[in-house]
1. Hey, can you tell me all the residues within segment A:77-93 that are under 22 Å from A:Ile206 (Cα atoms), away from ligand 1 (no atom under 16 Å from the Cβ) and surrounded by fewer than 23 Cβ atoms within 10 Å (Cβ to Cβ)?
2. Determine which member of the set B:Leu152, B:Leu117 is in contact (Cβ under 8 Å) with a residue 24 or more places away in the chain and over 16 Å from B:Val214 (Cβ atoms).
3. Is it the case that some residue within segment A:220-228 is assigned to a helix (DSSP H, G or I), in contact with a strand residue (DSSP E or B) (Cβ under 9 Å, 6 or more places away or on another chain) and at pLDDT 85 or above?
4. Assuming A:Arg159 fulfils every condition listed in (1) touching a residue at least 60 places away in the same chain (Cβ under 8 Å); (2) within 16 Å of ligand 2 (Cβ to nearest atom) apart from one, which condition is it?
5. What are the residues in segment A:202-214 that are hydrophobic (A, V, I, L, M, F, W, C) and at pLDDT 90 or above, if any?
6. Give the residue, chosen from B:Ile203, B:Ile197, B:Ile233, that is away from every other protein chain (no Cβ under 14 Å) and within 30 Å of A:Pro105 (Cβ to Cβ).
7. Take segment A:159-216 and flag every residue that is away from ligand 1 (no atom under 16 Å from the Cβ), in a loop (DSSP other than H, G, I, E, B) and of a type in the set (D, E, K, R).
8. On the given criteria, is B:Phe171 more than 14 Å from chain A (Cβ to nearest Cβ), crowded, with 19+ Cβ neighbours inside 10 Å, out of contact with any Ser or Thr (no Cβ under 6 Å at 6 or more places or on another chain) and hydrophobic (A, V, I, L, M, F, W, C)?
Amino acid sequence: MDNNSLEQNNEGRITIDHVSKVYDPEGANVRALNNCCAEVEPGEFLVLIGPSGCGKTTLLNAIAGFENITEGSIYLDEKIIASPDMNQSPGADRIVVFQNGALFPWKTVLENLIYGPMVQGKMFRDEAVAEVRRIMDKLGLSRSTEDLYPDSLSSGMKRQVEIIRALINNPKVLLLDEPFRALDSMTKSLMHEYLLEVYEITGKTIFFVTHDLEEAVFLADRVIIMTTRPGLIKAIIDVDIPRPRDFHVLATVQFMEFKDRAVKAVREEALKAFEAGDRELA
Amino acid sequence: MANAKQEALELVFKQPTFVSKVFSQKTILNTISVVSVFVVWALLVHFQVYRFSLLPSPAEVLEWGREWVTTKVFWIDTGMTTARVLVGVTAAYVIGIPLGLMIGWKKVFSDLSFPMLEILRPIPAPAYLPIAILLLPWQEASVAFIPFIDALFPVLLNTIIGVKLIDRDYFRAAQCLGSSPRQIFWHVVLPGALPSISSGCAIGMGIGWMGAVVGEMITGKWGLGYRIWESYILLRYPLIIDGMIAIGILGFASSKLIRYLTIRLVPWRKAITESLDESITK
Ligand SMILES: Nc1ncnc2c1ncn2[C@@H]1O[C@H](COP(=O)(O)OP(=O)(O)OP(=O)(O)O)[C@@H](O)[C@H]1O
Ligand SMILES: [Mg+2]
């Protein structure tokens, strides 16, 4: 693994091949994923959207290596990262940014940021600090936050730090599970633009889970729409809005059209979910 | 003009003066609570209400106390009890914290030890004393076994709960960032449980004092607990209350000390720890 974080590259293809997942097969037997097939291209910004409880988190956790799968296989580039008969394990080649944030509250911002390279033994402390500062400058995080504990940061800034903590490790893909759900709408829209900027600079493959349609269309190269449980891929929408994008895009006719298409596709699923007595589409 | 501004600022950011501190509501209420206990006690004794005629008055207690603290016996007693508490409670920390961390973290340990601990837990510490006397060569030392047992369970249980309450996402984030199990222990399990461990330590210290005194009343020739019991037998009633006051002050001081230390250990939660410790000592 090279040490040059933020190098653009052609890595980061995720291949999801006929993946099924059954929780608790002996007991409740909940089929959360059913025969899911999808491919995330290297350097693509892919957004997975679907009604609540359809299995989005399950799929993301399977890619991350947090949970095993029942059938099928998942590849990251040529490497197999999940299959029923292997012991899955998370790794620094695919890093998750969590919905509620998982910066270590007991470490300062700087300690959080150098954590990955330090525990992996990739760098000495000085090198890690230098690299972290280089990336902080590049991705616009003020150095004055270095010695603060996460709890004294604003919620938006926490997400910013967490995204940078992931990128320091030069992962092949970034996995984001509704990372902005807990934010207020103002901070949320700022974070959208921030993430787009980061994407523009780093060119990383991004796998982003949400159930906010506008967010999906604004951010994505492609939006994958998932069905109600058991989740499988229902439709894929190519969002051909040119990059770099900023909030002006939100007011264009083009954006409205894409959003409209997505709304229709998701609405059907939401209705089904609703009739099936499932939880709401938030 | 500048002067007026200065004055206005001083009005807004008025520093608490010595006088205003002394007459703050908190200080006044605290004083009232202490003084009123002594007043009520003095009145009950003075008017010989019920069997209070048997008790010494505050004045007598003060007089005896003044003399007592100048004797060598007082200092040996205090030293003995303090030593027992410190030895017992420190042993409880040394054994309880690592054990609790392992039990909370790894299911194997909890399955191995939990049934046994659940059976041992309801046994009151003094019940261990005969065994301790049989096993330990020096009777005075065996008393330290009681504060040890008394402090062990709050320390152990708080540590276990502290680990169990760590958000799963911190473990997952650490795994994503490439941590080995050992690194997860040092960077997630231990710091994550620290706030709860520190309150366990404070509680353990307080209970340790009770345990030492109980033990000294049962066996031994030295210590504040022994002296209280001896004073009862020898009809030196004022000394009973002097002994109680000494224990109260020492117990209070030692939990203050733990509080002082723990705030230093969890700098990221200073505010929370302070309020937590306040609720313990109050
Ligand atoms: N550990 C588990 N055991 C049993 N069932 C589970 C478990 N985890 C999730 N499920 C079920 O699997 C289904 C998919 O869950 P998942 O969390 O992947 O949905 P989601 O699309 O991420 O939903 P949300 O939008 O609410 O986050 C749900 O019906 C859920 O109840
Ligand atoms: Mg989810």
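1. Result: A:Asp77, A:Glu78, A:Lys79, A:Ile80, A:Ile81, A:Ser83, A:Ser89, A:Gly91, A:Ala92, A:Asp93.
2. B:Leu117
3. Within segment A:220-228, none of the residues are assigned to a helix (DSSP H, G or I), in contact with a strand residue (DSSP E or B) (Cβ under 9 Å, 6 or more places away or on another chain) and at pLDDT 85 or above.
4. In the conditions (1) touching a residue at least 60 places away in the same chain (Cβ under 8 Å); (2) within 16 Å of ligand 2 (Cβ to nearest atom), A:Arg159 misses (2) alone.
5. Of everything in segment A:202-214, those that are hydrophobic (A, V, I, L, M, F, W, C) and at pLDDT 90 or above turn out to be A:Ile206, A:Phe207, A:Phe208, A:Val209.
6. B:Ile203
7. The answer is A:Lys172, A:Asp184, A:Lys204.
8. Taking the combined requirement at face value, the residue does not satisfy it.
The values are calculated or read from the model by the stated rules, or taken from the named source; none is laboratory data. Please read these numbers as outputs of a predicted model, since none were measured by experiment. All Cβ positions, glycine included, derive from the backbone under ideal geometry; neighbour counts span all protein chains shown.
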